[in-house]
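What follows is a single structure, written as structure tokens, with notes after it.
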Amino acid sequence: MKESITGSIIEVLAGGGYLLPELVMCACLLIIPLSGLVAKNKQKSIVIAIYLAALCLSMYYTVLQLQYFYEQNQAIYFFGKMLFINEQNVFLKILFKFCGLFALLLTEYNSYTRKFTSVHFEYYMLILAVILGSNLMVMSSDFFMAFISLEMISVCSYILVAVVNNKKTAEASAKYLIFGMFSSAIMLYGISLSYGITGAFTFYDNQYFEAFASVSAIARLAVLVMLLSGIMFKTSIFPFHIWTPDVYEATPAPLIAFFSTITKIAGFGLLVNILMYFAEVEIVLWGKVLNSHIIIGILAVVTTTWANMAAFFQTNVKRMLGYSAIAQSGFILMPFCLLSEFALDTFYFYVATYIIMSFGIFYLTDRIMDSAKSESFDVFRGVGIKYPIWGIFLIIILISLTGLPPTVGFTGKFLIFSSLWEDYQTTGERIFLVVLLAAAANTVLSLFYYVKIPYYMFFKPMSEVHVSIKNHTYVAGAVFAIIITGLFFYPTPLIDFIKNIMD
């Protein structure tokens, strides 16, 4: 017994080297609270310095991991086989660091969050904790670890949403908490049923699926749906999307941009890990064969269509962007219909570029809404005539979100269409053709609400509300616009890089 415990401790400690990026963030999470005792007057500067140090040092070790696993070319399981690491989840961990850096940029240029962080250092602690939880989520090879990391992200997110002390935020954070607890409870019950059926928490072992396949079709379908409920909540997939518009409307733009990228990508990263094993599970129900790609195809179409239709009727810009984020989740889900190598390449390319588009749209629109202290479309009236260069930058990002040339959004959606067509040609299953046609129709449908902001900017008379755009907005807008258009004309380096880490 003593030898078994000693062996387990040695095995856990042996995997510590693979957790260096996470250990760096853990150390900084402990240091940040102590910074207030060192220098209260300069606490914010110290906290930001520690936050940046954590991201940069963690990024350094993550890049080293990417180089190592590129040469190793195989996954390594560690920490009692509850975690694993390979090139794909290391790539996602790098994207999470960029989300943290962009969150800092938006936070310091938003009047509310800048003021809030001057007296509340917990803000950056919670951001770091979300990044840490996201890292662990995409490395999870065990349902128990996946649930713990998801809850770490969720609890920190609930607190961050509640930072604004007003009635609207209180209502939104309550909805966020209730729906989050509900989906987590369903997922936990699914994990317990899965353990009762298989006797294991891991989902990479063949014995797990042999035991899983031995039960009735209804039981397998129920377990699969319950296991995915927590991920569907984090990624705003129908029917666990209801919280999204209310939270987006009531939460400061920096946090919205952060949530719409990192938690969504982390959820989809975990979904990759699970579906790599569950993709072959078929469930015969009432004479019909259901498998993962049929279920996911239906969810993707319903999520995208419903969100795009709802977005068209919105009068609040942030609420409209909330429905847009739901629709984007549906598009990201489409390559999961069949996890071919090309489909996975498409997924990683799309989420990498989605980070640029999402932070870009929230940064530029927030400059106007923050200046006018309003989130209605009316504050954009005539702004494009007054600030034409800024207006062009914003239109480029909106075109990219729509999926039109000459932007990287077109490249991403073209790759999604191509992967669906390839899957249809390979398998002959109609679900892929249905998803492809729905994706094309939704691309056109999204244009009708994305065009509302440019319409107000260039075709409506100037609003009486005073708005101003500072020089740093032009610099950041130019960077976003150059990256978005540059990756359209020259996407090869990013595509080749992703293909190399997928091989």
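Across region 420-442, the number of residues qualifying as under 15 Å from TYR350 (Cβ atoms) and in contact with an Asp or Glu (Cβ under 8 Å, 6 or more places away or on another chain) comes to 0. So is VAL130 free of Cβ contacts under 8 Å to residues at least 12 places away in the same chain and among the hydrophobic types (A, V, I, L, M, F, W, C) or not? So VAL130 fails the test.
If I ask for residues that are modelled with pLDDT of 85 or more and over 18 Å from GLY486 (Cβ atoms), which ones from region 403-419 would you list? Across region 403-419, the qualifying residues are ILE416, PHE417, SER418. Identify all residues within region 458-503 that are farther than 22 Å from ASP378 by Cβ, open to solvent by 80 Å² or more (accessible area, probe 1.4 Å) and assigned to a loop (DSSP other than H, G, I, E, B); write none if there are none. Listed by number, the residues that qualify are TYR490, ASP503. Reported count of residues in region 400-416, each being free of Cβ contacts under 8 Å to residues at least 40 places away in the same chain and buried (at least 19 other Cβ atoms within 10 Å of the Cβ), is 0. Does ILE326 satisfy the criteria of being crowded, with 24+ Cβ neighbours inside 10 Å and at pLDDT 85 or above? It is true that ILE326 is crowded, with 24+ Cβ neighbours inside 10 Å and at pLDDT 85 or above.
Regarding region 243-263, can at least one residue be identified that is aliphatic (A, V, I, L, M) and farther than 23 Å from ALA310 by Cα? Yes, that holds for at least one residue.
The residue that is least open to solvent (accessible area, probe 1.4 Å), counting only those in region 59-83 that are over 14 Å from LEU20 (Cα atoms) and not in a helix (DSSP H, G or I), is ILE76. Across region 297-308, the number of residues qualifying as farther than 28 Å from PRO254 by Cα, among the β-branched types (Val, Ile, Thr) and open to solvent by less than 10 Å² (accessible area, probe 1.4 Å) comes to 0.
Among the residues of region 172-191, those that are more than 18 Å from VAL223 (Cα to Cα) and in contact with a helix residue (DSSP H, G or I) (Cβ under 7 Å, 6 or more places away or on another chain) comprise ALA172, SER173, LYS175, TYR176, LEU177, PHE179, GLY180.
When you check GLY428 against the structure, is it among the small types (Gly, Ala, Ser) and closer than 21 Å to MET462 by Cα, yes or no? So GLY428 does not fit the description; no. The set of residues in region 265-284 that are hydrophobic (A, V, I, L, M, F, W, C) and either open to solvent by less than 20 Å² (accessible area, probe 1.4 Å) or modelled with pLDDT of 85 or more (or both) comprises ILE265, ALA266, PHE268, LEU270, LEU271, VAL272, ILE274, LEU275, PHE278, ILE283. Which ones in region 378-392 are open to solvent by 10 Å² or more (accessible area, probe 1.4 Å) and hydrophobic (A, V, I, L, M, F, W, C)? Scanning region 378-392 gives ILE385, ILE389, ILE392. Do we have any residue at all in region 338-356 that's touching a His at 6+ places or on another chain (Cβ under 7 Å) and either open to solvent by less than 10 Å² (accessible area, probe 1.4 Å) or free of Cβ contacts under 8 Å to residues at least 60 places away in the same chain (or both)? Within region 338-356, none of the residues are touching a His at 6+ places or on another chain (Cβ under 7 Å) and either open to solvent by less than 10 Å² (accessible area, probe 1.4 Å) or free of Cβ contacts under 8 Å to residues at least 60 places away in the same chain (or both).
The criterion of at least 2 residues that are in contact with a Phe, Trp or Tyr (Cβ under 7 Å, 6 or more places away or on another chain) and under 25 Å from TYR490 (Cα atoms) is met by the following helices (runs of 4 or more DSSP H) wholly inside region 320-419: 341-372, 388-402. Of the residues that make up region 216-239, is at least one farther than 23 Å from THR304 by Cβ and open to solvent by 50 Å² or more (accessible area, probe 1.4 Å)? So far as region 216-239 goes, yes, one or more of its residues are farther than 23 Å from THR304 by Cβ and open to solvent by 50 Å² or more (accessible area, probe 1.4 Å). Of all residue pairs spaced 6 or more apart or on separate chains, those with beta-carbon atoms under 6 Å, a first member in region 34-61 that is within 18 Å of LYS97 (Cβ to Cβ) and a second member that is open to solvent by less than 30 Å² (accessible area, probe 1.4 Å) and modelled with pLDDT under 80 are VAL47/SER35.
Assessment of region 92-115 against the conditions (of a type in the set (Ser, Thr, Tyr), surrounded by fewer than 22 Cβ atoms within 10 Å (Cβ to Cβ) and not in a helix (DSSP H, G or I)) yields at least one matching residue.
Please work out if TYR123 is in a helix (DSSP H, G or I), open to solvent by 20 Å² or more (accessible area, probe 1.4 Å), hydroxyl-bearing (Ser, Thr, Tyr) and without any contact (Cβ under 8 Å) to a residue 60 or more places away in the chain. Spelling it out, it is not the case that TYR123 is in a helix (DSSP H, G or I), open to solvent by 20 Å² or more (accessible area, probe 1.4 Å), hydroxyl-bearing (Ser, Thr, Tyr) and without any contact (Cβ under 8 Å) to a residue 60 or more places away in the chain.
Checked against the criteria, SER446 does not count as hydroxyl-bearing (Ser, Thr, Tyr) and not in a helix (DSSP H, G or I). Of all the residues in region 136-155, those that are crowded, with 20+ Cβ neighbours inside 10 Å, among the hydrophobic types (A, V, I, L, M, F, W, C) and in a helix (DSSP H, G or I) number 9. For region 423-433, a tally of residues being touching a helix residue (DSSP H, G or I) at 6+ places or on another chain (Cβ under 9 Å) and open to solvent by less than 80 Å² (accessible area, probe 1.4 Å) returns 7. Restricted to region 309-323, and to residues that are closer than 28 Å to TRP421 by Cβ and crowded, with 24+ Cβ neighbours inside 10 Å, which residue is modelled with the highest pLDDT? Among them, the one singled out is TYR323.
The values are calculated or read from the model by the stated rules, or taken from the named source; none is laboratory data. Predicted, not measured: the structure shown is a model, and the values here were computed from it. Every residue, glycine as well, gets a Cβ built from its backbone with ideal geometry; the counts of neighbours run over all protein chains shown. Areas reflect the complete protein model, heavy atoms only, side chains present, ligands, DNA and RNA absent. Shrake-Rupley method; radii C 1.70, N 1.55, O 1.52, S 1.80 Å.
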